Every structure is written in structure tokens, then in C-alpha cells.
Amino acid sequence: MKLAIIGDFKPANSTHIATNNAIEHAIKYLNLDLQVDWIGTESILENLQSITENYKGFLIAPGSPYNAIDGVLEIIKYARLSNIPTLGTCGGFQHMVIEFARNVLNIKDAEHAESNPYASKLVISPLSCSLVGQTLNINITSKQSLVYRIFKSDTIQANYYCNFGLNPEYQAEIDKHGFTVVGSDKDNEARILELDNHPFYIATLFVPQVKSTPEYPHPLILKFVSMI
């Protein structure tokens, strides 16, 4: 089995190193035979068929802006429609939101404020306060969600590395159409999204990878890897 990490790997990016480590923790804990490959975003479109045929899970990596957004969005769309286990963290969360806005809400010009700050439909907008380097509580708001079954708690602590999130103006519409807000901050702004009727399609604005250890793999990463 093969898992693809979609993103532009940078050895100096601590969240990229944490991603590799967290997946390795889960693989060893579960004693799985799982090959893991980073796929640079500029190579996706020309290899799209091969990628979708050969990989059975996708982790949409932190560390945006990506070098090439179009390929990332194609992978996300494929995974959403094909019931492929998918986890997006930080930048992954943001681009899963953009794909959903464009292709489900039909906001074809949905954009990210980091890459196109003057766009008219900023579905991903600057956070009111930067969350880079912060550890904050998240309320799990749906006890029917897979997320709740994974964490078995009403509240979790999470580590953030981002300056951008889901624009609150679009939150209710995205939730209504099935990309459900299952975790939120103290101001009820989305921090975890989960797609209805999908085996595993979860987006977190925080980076769970950084809290994983060999002895205690992060439960979200553990469940994700187990689904592949």
C-alpha cells in the first residue's frame, strides 16, 4: 500500500519533519507495510493518473503556499469524490476548503488570501490574530463525528502554525453542504472539518503531527494511517 504526502517538502520546515515522524510512528505502532512518498505539487498534473491509480491515501501537507495549487486541488477533488482516506492539516485544511467551495458551492473564483489577497471571494482569509506558535483548546462540537470517536473527548489541545483560516462569512454554507464543522475555537470559528458520508476526509487548521511520539502516536494520524 502507498500513501502520498501532497506538498513541497522542505527539510527546514519543522512541520514537514513532524509529518514524516508522525506517519512513521503510526506505521510502526500498527505494524503496517506502507510506503510513503512526498509528491511535489509541480509534478501532479502531468502524473495525475499514475498518482490516483497508485496511492490509496493522501495527506495534504502543511506549509503553504504550494508551488502549484491546481494539482493539489485536483488530488483533493479526486479523493473527495472517490472515498479515498484524506487528511489535510494547516495549508491542507485551507486548500480542502477552497476545493469544496469551488466544486460543491460553485464559487468558481474562491481564493486564498495568501496567494491572491485582492480576490473578491476570499474563502480563506487572514485570521483575526495569528496562531503561529500557539497551543489552544478546540471544542469538539459533534458527538456523531468520527473526530469525536477518535479523540473521545469534548476538548483537545492543538498546536498551530498558521495565519489564515476559513472565512467566517462562508462557514455556515460550507457546513450546510456537508463539510461539517466538528471542532471550533472559543469564538465558534472552524478548526476541524469532516466530510459527511466519507470514510475519512478530515481537515484540521492545526498540525496534529507535532504532538506525535513513538510511544503515543497522535490518535488522528493513527486512525488515518489505519484506514489506508
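Just so you know, all these numbers are worked out from the coordinates, no wet-lab data involved. No experiment lies behind these values; they were computed from the predicted model shown. As a convention, Cβ positions derive from the backbone with ideal geometry for all residues, glycine included, and neighbour counts pool all protein chains shown.
Sorted ascending by nearby beta carbons within 10 Å, beginning with the fewest, Lys121, Lys176, Lys211 become Lys176, Lys121, Lys211. If R0 is taken as 30 Å, the Cβ-Cβ distance between Gln49 and Phe9 corresponds to a FRET efficiency of 0.85. Label-to-label distance for Lys28 and Ser120 is 5.3 nm, based on points extended 7 Å past Cα in the beta-carbon direction. Partner lysines whose Cα lies under 28 Å from the Cα of Lys28, excluding those fewer than 8 positions away in the same chain, are identified as Lys2, Lys10, Lys56, Lys152, Lys211, Lys223.
Taking the number of Cβ atoms within 10 Å of each Cβ as an exposure proxy, the fewest-first ranking of His177, His218, His95 is His177, His218, His95. Note that the range 84-100 has calculated 3J(HN,Hα) couplings of 8, x, 9, 10, x, 10, 6, x, x, 3, 4, 7, 5, 5, 4, 4, 5 Hz, one per residue in order, obtained from phi through the Karplus relation 6.51 cos²θ - 1.76 cosθ + 1.60 (θ = phi - 60°); glycine and proline are x. Summed over qualifying helices (DSSP H, 4 residues or more, each -39500 (n - 2.57)) and divided by its residue number, the chain shows a 222 nm mean residue ellipticity of -9500 deg cm²/dmol. Placing +1 on the Cβ of each Lys and Arg and -1 on the Cβ of each Asp and Glu in the chain, which of Leu131, Gly63, Ile107 has its Cα farthest towards the positive end of the resulting dipole? Of Leu131, Gly63, Ile107, it is Leu131.
Taking 0.36 nm per intervening residue step and subtracting the Cα-Cα distance, what contour gain separates Lys186 from Asn106 on full extension?
Separation in residues times 0.36 nm, less the Cα-Cα distance, equals 25.8 nm.
3J(HN,Hα) along the range 198-209: 9, x, 6, 9, 10, 10, 10, 6, 8, 10, x, 3 Hz, from the Karplus curve 6.51 cos²θ - 1.76 cosθ + 1.60 with θ = phi - 60°, whole Hz, x for Gly and Pro.
What you get for the range 2-226, charging only the Cβ of Lys and Arg (+1) and of Asp and Glu (-1), is a dipole of about 560 debye around the Cα centre. 3J(HN,Hα) couplings calculated from phi for the range 27-33 with the Karplus curve 6.51 cos²θ - 1.76 cosθ + 1.60 (θ = phi - 60°) are, in sequence order, 4, 5, 4, 8, 6, 9, 9 Hz; Gly and Pro show x.
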